[in-house]
Amino acid sequence: MTDAAPTPPDETYSYLGPAGTFTEAALKQVPEAAGKTWRSVNNVGEALSDVTSGRSVAAMIAIENSIEGGVSATQDALATVPGLRIVGEVLVPVNFVLVARPGTTLADVRTVNAHPVAYAQSRGWLERHLPEHGHIPASSNVQSAASLFDADSAADAAVAPPGITEHHDVVVLARDIGDNPNAVTRFVLVSRSRALPEPTGADKTSLIVELPSDESGALMAMLEQFSTRGVNLSLLESRPIGDALGRYRFVVDLDGHVADERVADALLGLRRTSPNVIFLGSYPRADQREIEYHAKYDDEIFIEARDWLRGLLSGEPD
């Protein structure tokens, strides 16, 4: 599922390749992508360019890892490329295998190919079982295995995704070598669609917010927009804006859908106080966990309060 003959954009999905990556595994969880053309790309910028140009209807990209945190390349791209919306998310468990060319044993391994993130997440295992090994950085988890067959390869083995044997003629020397068995990467499906998925009661809303000024209490004022309306934040990370030292934007994931009154009211508060609020979308949570909140933040409470104010302005009797 890589580059093929040109097809209509509504039949093409972009993902960070090559085939066999965790991103491809994430795209396999999207029902509407089944049977369509999948275009392998080299980086987040290329994936989003496919979407904005209309070459692809959507792109699957990694946005957060339970060990490493937010993926800065994705966060920065979503902050600077206009017209994009997140329409869904997928969770992929992350673990690794140690693979080698046929005929190689674990005792033969002296040098290991590995993507820097994969190496960081499997370093403990490697140091225990291969205490004198050397590390050669690879550009991707799949490329680490593929490059074993390069004529000038100096590596004896590679850290790779579990499905790598479906794509390359390698043997598995060890499985489950990740240091954290609970490691998960969160992927998002990004498109140009402005249609919001219907609220499910188990939703997430993603935003990027700039502070109005660099002064004491500015961040607290932003956070109060959520706390005073009972909106829980599941992610809050800062990224430099890049126009001056000390200027930051905040990547925010919050529990709920923009159609929920408490969320909508919080967004109105942000819009009044922030010079730039980027709405990235409301979409179903991958874990399908229903959002819990205090009854005083029910939709009906916000609606009744607006009706009460409307009555005061119109002179209606109490």
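The values are calculated or read from the model by the stated rules, or taken from the named source; none is laboratory data. None of the values given here were measured: they were computed from a predicted structure. All Cβ positions, glycine included, derive from the backbone under ideal geometry; neighbour counts span all protein chains shown. In case anyone asks, the SASA skips ligands and DNA or RNA and just uses the protein heavy atoms, side chains included. Shrake-Rupley method; radii C 1.70, N 1.55, O 1.52, S 1.80 Å.
Whenever a residue of the range 174-198 is farther than 26 Å from Leu78 by Cβ, its partners that are basic (Lys, Arg) and open to solvent by 60 Å² or more (accessible area, probe 1.4 Å), lying with C-beta atoms within less than 8 angstrom and at least six residues away or across chains, give the pairs Asp179/Arg123.
Of all residues in the range 23-39, those that are over 17 Å from Thr74 (Cβ atoms) and in a helix (DSSP H, G or I) have Cβ atoms under 8 Å from Cβ atoms of residues that are among the hydroxyl-bearing types (Ser, Thr, Tyr) and open to solvent by 10 Å² or more (accessible area, probe 1.4 Å), 6 or more apart or on another chain, in Ala33/Tyr13.
Just checking, how many residues over the range 197-217 are assigned to a loop (DSSP other than H, G, I, E, B) and either of a type in the set (Asp, Glu) or at pLDDT below 95 (or both)?
Counting residues in the range 197-217 that are assigned to a loop (DSSP other than H, G, I, E, B) and either of a type in the set (Asp, Glu) or at pLDDT below 95 (or both) gives 9.
Taking the range 48-84 as the search range and keeping residues that are without any contact (Cβ under 8 Å) to a residue 40 or more places away in the chain and small (Gly, Ala, Ser), which one is nearest to Pro275 (Cα to Cα)? Ranking the qualifying residues of the range 48-84, first place goes to Ala77. I'd like the residue in the range 193-243 that is open to solvent by less than 30 Å² (accessible area, probe 1.4 Å) and of a type in the set (Gly, Ala, Ser) and, out of all such residues, is farthest from Ala259 (Cα to Cα). Here the answer is Ala218. Between a residue in the range 85-106 that is at positive phi and any residue that is open to solvent by less than 30 Å² (accessible area, probe 1.4 Å) and charged (D, E, K, R), which pairs come within a Cβ distance under 7 Å, given they are 6 or more apart or on different chains? Once the first residue is at positive phi and sits in the range 85-106, no partner that is open to solvent by less than 30 Å² (accessible area, probe 1.4 Å) and charged (D, E, K, R) comes close enough. Counting just the residues of the range 6-31 that are of a type in the set (D, E, K, R) and either at pLDDT below 95 or in contact with a His (Cβ under 7 Å, 6 or more places away or on another chain) (or both), which one comes out farthest from His167 (Cα to Cα)? That would be Asp10.
Applying the condition of being under 17 Å from Gly281 (Cβ atoms) and more than 12 Å from the chain's Cα centre (by Cα) to the range 57-75 and asking which residue is surrounded by the fewest Cβ atoms within 10 Å (Cβ to Cβ) yields Val57.
In the range 269-288, what residues are aliphatic (A, V, I, L, M) and outside any strand (DSSP E or B)?
Across the range 269-288, the qualifying residues are Leu270, Ala286.
Entry remark, the range 250-268: residues being touching a Pro at 6+ places or on another chain (Cβ under 8 Å) and either in a strand (DSSP E or B) or surrounded by fewer than 22 Cβ atoms within 10 Å (Cβ to Cβ) (or both) number 1 in total.
Report whether or not Leu173 is modelled with pLDDT of 95 or more, buried (at least 20 other Cβ atoms within 10 Å of the Cβ) and either in a strand (DSSP E or B) or in contact with a Pro (Cβ under 7 Å, 6 or more places away or on another chain) (or both). Walk me through it before giving the result.
Numbers: modelled with pLDDT of 95 or more: yes; buried (at least 20 other Cβ atoms within 10 Å of the Cβ): yes; either in a strand (DSSP E or B) or in contact with a Pro (Cβ under 7 Å, 6 or more places away or on another chain) (or both): yes.
Yes; evaluated as a whole, the condition is true for this residue.
Taking each residue of the range 206-231 that is on the phi > 0 side of the Ramachandran plot and looking for partners that are open to solvent by 30 Å² or more (accessible area, probe 1.4 Å) and of a type outside the set (Asp, Glu) with beta-carbon atoms closer than 8 Å, six or more apart or interchain, yields Gly230/Tyr293; Gly230/His294; Gly230/Lys296; Gly230/Tyr297. Candidates are the residues of the range 111-169 that are closer than 22 Å to Tyr15 by Cβ and part of a loop (DSSP other than H, G, I, E, B); the one that is most open to solvent (accessible area, probe 1.4 Å) is Ser139.
Restricting the range 79-110 to residues that are outside any helix (DSSP H, G or I) and hydroxyl-bearing (Ser, Thr, Tyr) leaves a set whose member that is surrounded by the most Cβ atoms within 10 Å (Cβ to Cβ) is Thr104. Looking at the structure I just gave you, is Gly20 open to solvent by less than 20 Å² (accessible area, probe 1.4 Å) and assigned to a loop (DSSP other than H, G, I, E, B)? In short, yes.
Going through (1) over 26 Å from Phe279 (Cα atoms); (2) surrounded by fewer than 20 Cβ atoms within 10 Å (Cβ to Cβ); (3) among the charged types (D, E, K, R) one by one, Arg39 falls short only on (2). Glu166 fulfils the conditions (1) out of contact with any helix residue (DSSP H, G or I) (no Cβ under 9 Å at 6 or more places or on another chain); (2) among the acidic types (Asp, Glu); (3) more than 20 Å from Thr23 (Cα to Cα) except for a single criterion, (3).
Residue count for the range 285-304, restricted to those that are open to solvent by less than 60 Å² (accessible area, probe 1.4 Å) and touching a Gly at 6+ places or on another chain (Cβ under 7 Å): 2.
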